[in-house]
Every structure is written in structure tokens, then in C-alpha cells.
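> Mind having a look at this structure? Questions to follow.
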Amino acid sequence: MKKLYEAFFADKTILITGHTGFIGSWLSIWLNELGANVIGYALKPHSQNDNFVLVKLDEKITSIIGDIRNYEKVVKVFKNFSPEIVFHLAAQPIVRKSYEIPKETFDINSGGTVNILEAFRKDNKSKILINFTTDKVYENLEKINGYTEEDRLGGFDPYSYSKSCSEFITYAYRRSYFNKASKQKVASSVRSGNVIGGGDWQVDRLIPDCMNAIKNETEIVLRNPKSIRPWQFVLEPIRGFLMLAKKMYEEKDKYSGSWNFGPGNDSLYSVEDIVKCIISHSNKGHYCKSAHHHNNLHETKILVLDNSKAQKLLNWYPILGFDNIIKLVCDWYFQEKIDYDFDVKQLNDYIKLVDKNNIW
């Protein structure tokens, strides 16, 4: 795998918005290991415990602190670096927070997407753009057989709708400017399940909430313990992003569109199940059912993606079982010292599994 993708990504200038965030930091590390010239543009990291901070990623790549709502600064980044490939991950990512700051959520997730796409459109050297949204962009029908890329978009809360808007914006630019006639630029949007892994400390997320409770020796409190989610390790969808980017670069509009990089049905577990598994793996923490927190904000009970398109056209599918995912997560959070080499070790161990399955 490594030689194949090194040959493609090495020396290419790649812009990642949201590189200081959880998924963005892991994507930055992988591309850096492949020899790419990685440019990051994002707000400051959420905390000093974030993956970006602990691995000192700002010493490995070109890191620019900025807001995607600042169109002039976004344009300047494109002008200064002319990235061939753009991964747009910067966002306000918290559902519950979107109820508190709906305008800011739309300004960032929808307006920010316009800024990135417009700068991408105007830069002569930029060729590929991948916009990372969310599995919550689909109209909430509580489907148990999984949403396909053709299902209706919608959502419920400000966050979900802001991401649906981001999808429609990407679609509009793709149809208007990055179509078959242009042949120069192509754009896609990608959606994944509930991504977990080391270095995420955002509020109102299950893994950070669990780890903070364990660290502080308090009960792990859940809002919706019976809610079912498709859990996946962070490197699984990122592998899909890289595979898609390569295909888009080589075959242009054939691979332009919307893509689900969600886990299989064997990774569908309730919130309660995943907490029990973390406690079992780590031998730490305690969980009290009577401590459940109730709220009147809407949250989806079940959310599943159909990844058959990615399987058929990209030969992408998840390879990690649920127990392996939890082990990798716990290994990171309970490691005494996290540094760049530790993340690279997890990355290389994962790549070995991919190579073993021969699915590049």
C-alpha cells in the first residue's frame, strides 16, 4: 500500500481545513507519512490534550491558524500554496452546541463551505476537492437498513441541516463549474459513521465524555444509552478519503459525487454497549444506569450508512472488528505518553492489516 500511495501523494501540495481537529490531525499525519506537502488551515486546537498538540503536528506540516469564515484569508492560502488537492474538514461539529449557536453553526458549516469552494474554483492549480460532512445529512427516517447516497437529505437539528446545506453547496458547484465540460476540477462529498479514536476531546461526544469521567473517577453519564450508532476507527474512513482522492485525480468526473464510508452492520452497537466495552478493556471506570441524563433535544435513535457504493467502485470496506476498535481507542487514551511516533505506530499497524486483506 505505502509504495503505491507514496508514488501518488509524494510531493503533492495538499490543503486540509480543520487539521487541528481530531480527524483532520490523523489525516495530516497519514499524508505527511506519504510524503505530501501538507498545508493545514483551522482554528486553534480545542485543548492541550488534543492529538494535534500532543504529537506536535505544527512541527511536521505547515500549520496556519485561521477561520474558514474569513474569505480573504482563505483566498490568500490558496494564492500562496495553490494546493492540488483539498480536504475540507473544518466545521462546528457538535449537534447539541448547534442548538445554542445556530447562526454560527450555519455560518461555519454552510458559509465556510462556500468560501472554500469559491477559492478552490478560482485557483488555477487546484484540481480535487473532497468535502467531509456527516452521516446526519440524511432525512431522519430511523432506517435500519442504511441510507444510500441517493436518499433524501434533511436532518433535524441546526447542525444536521447546516451540513445538508454544505452538501447542496458542493453539488451546486459541481454541477455549475466542475462538470464534464470543464475536465479540470472535480469535487465530492464524503460521509462516515461515528468516528472514534485517539485525541478527540470535544464536549458532548461519547469517547471524550467516557475518558474524562474515568480520569476524574466519576460516573459515566449517558444521554441516550440505547441509541444505536455505526462505530468506526478514525483510520477507516480516512483510507476511503485517500482512495477516492487518487481515483478522482486519475479519472476525474467518474468518481465525482457523494460517498458513504460507513462501517458494516457488525459495528452497530448501542451507546451503552460501547461504554461497557471500554470499561471491560481498560478495567477502569464505572457506569450507573440511574445516572442517565434526560433532555428534550431531538437525537436520532438509530443511524446507519449503506457503504455498498464504496465497496463496489473503490473496493473499500472496513476491516476492524468492534473489539479491535475499542482496543485501539483505549490504547491511545491510556498510554502514558502520546507523541508522533505512537500515532505513526498505530497507523503502520493498521496499514499492515489493510495490506493483509489486499484491498487497495
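> Here are some conditions: (1) over 23 Å from Glu250 (Cα atoms); (2) of a type in the set (Phe, Trp, Tyr); (3) out of contact with any Lys or Arg (no Cβ under 9 Å at 6 or more places or on another chain); (4) surrounded by fewer than 18 Cβ atoms within 10 Å (Cβ to Cβ). Phe156 meets all but one. Which one does it not meet?
Tallying (1) over 23 Å from Glu250 (Cα atoms); (2) of a type in the set (Phe, Trp, Tyr); (3) out of contact with any Lys or Arg (no Cβ under 9 Å at 6 or more places or on another chain); (4) surrounded by fewer than 18 Cβ atoms within 10 Å (Cβ to Cβ), Phe156 fails exactly one: (3).
> Could you list all residues from segment 10-29 that are in contact with a helix residue (DSSP H, G or I) (Cβ under 9 Å, 6 or more places away or on another chain) and surrounded by fewer than 24 Cβ atoms within 10 Å (Cβ to Cβ)?
Within segment 10-29, the subset in contact with a helix residue (DSSP H, G or I) (Cβ under 9 Å, 6 or more places away or on another chain) is 12-29.
Lys12, Thr13, listed by residue number.
> Another question, if that's okay. May I ask you to say which residue of Glu142, Glu149 is surrounded by fewer than 21 Cβ atoms within 10 Å (Cβ to Cβ), touching a helix residue (DSSP H, G or I) at 6+ places or on another chain (Cβ under 7 Å) and part of a loop (DSSP other than H, G, I, E, B)?
Criteria check complete, one pass: Glu149.
> So, in segment 168-210, exactly how many residues are over 30 Å from Tyr350 (Cα atoms), buried (at least 20 other Cβ atoms within 10 Å of the Cβ) and either among the small types (Gly, Ala, Ser) or touching a helix residue (DSSP H, G or I) at 6+ places or on another chain (Cβ under 6 Å) (or both)?
So the count comes out to 2.
> Moving on. What number of residues within segment 211-241 are over 23 Å from Tyr147 (Cβ atoms), part of a helix (DSSP H, G or I) and of a type in the set (A, V, I, L, M)?
Within segment 211-241, residues that are over 23 Å from Tyr147 (Cβ atoms), part of a helix (DSSP H, G or I) and of a type in the set (A, V, I, L, M) number 3.
> Picking from Gly66, Gly18, Gly35, which residue would you name as being within 16 Å of the chain's Cα centre (by Cα) and in contact (Cβ under 8 Å) with a residue 24 or more places away in the chain? Break it down stepwise before answering.
Numbers: Gly66 fails: within 16 Å of the chain's Cα centre (by Cα); Gly35 fails: within 16 Å of the chain's Cα centre (by Cα).
Sole residue among the options that is within 16 Å of the chain's Cα centre (by Cα) and in contact (Cβ under 8 Å) with a residue 24 or more places away in the chain: Gly18.
> Shifting gears a bit: Scan segment 298-313 residue by residue and report those that are among the aliphatic types (A, V, I, L, M) and modelled with pLDDT of 95 or more.
Residues of segment 298-313 that are among the aliphatic types (A, V, I, L, M), as a first pass: 302-305, 310, 313.
Answer for segment 298-313, where residues must be among the aliphatic types (A, V, I, L, M) and modelled with pLDDT of 95 or more: Ala310, Leu313.
> Applying the selection to segment 164-207, what residues are part of a loop (DSSP other than H, G, I, E, B), of a type in the set (Lys, Arg) and under 19 Å from the mean Cα position of the chain (by Cα)?
Arg205
> Given the criterion modelled with pLDDT of 95 or more, assigned to a loop (DSSP other than H, G, I, E, B), charged (D, E, K, R) and surrounded by fewer than 22 Cβ atoms within 10 Å (Cβ to Cβ), identify the matching residue among Asp58, Asp107, Asp67.
On the way: Asp58 fails: assigned to a loop (DSSP other than H, G, I, E, B); Asp107 fails: assigned to a loop (DSSP other than H, G, I, E, B).
Unique residue meeting the criteria: Asp67.
> Mind counting the residues in segment 87-100 that are in contact (Cβ under 8 Å) with a residue 40 or more places away in the chain and out of contact with any Lys or Arg (no Cβ under 9 Å at 6 or more places or on another chain)?
Here the count works out to 8.
The values are calculated or read from the model by the stated rules, or taken from the named source; none is laboratory data. As the structure is a computational prediction, the values presented were derived from the model and not from experiment. Glycine gets a Cβ as well: all are built from the backbone with ideal geometry, and neighbour counts include every protein chain shown.
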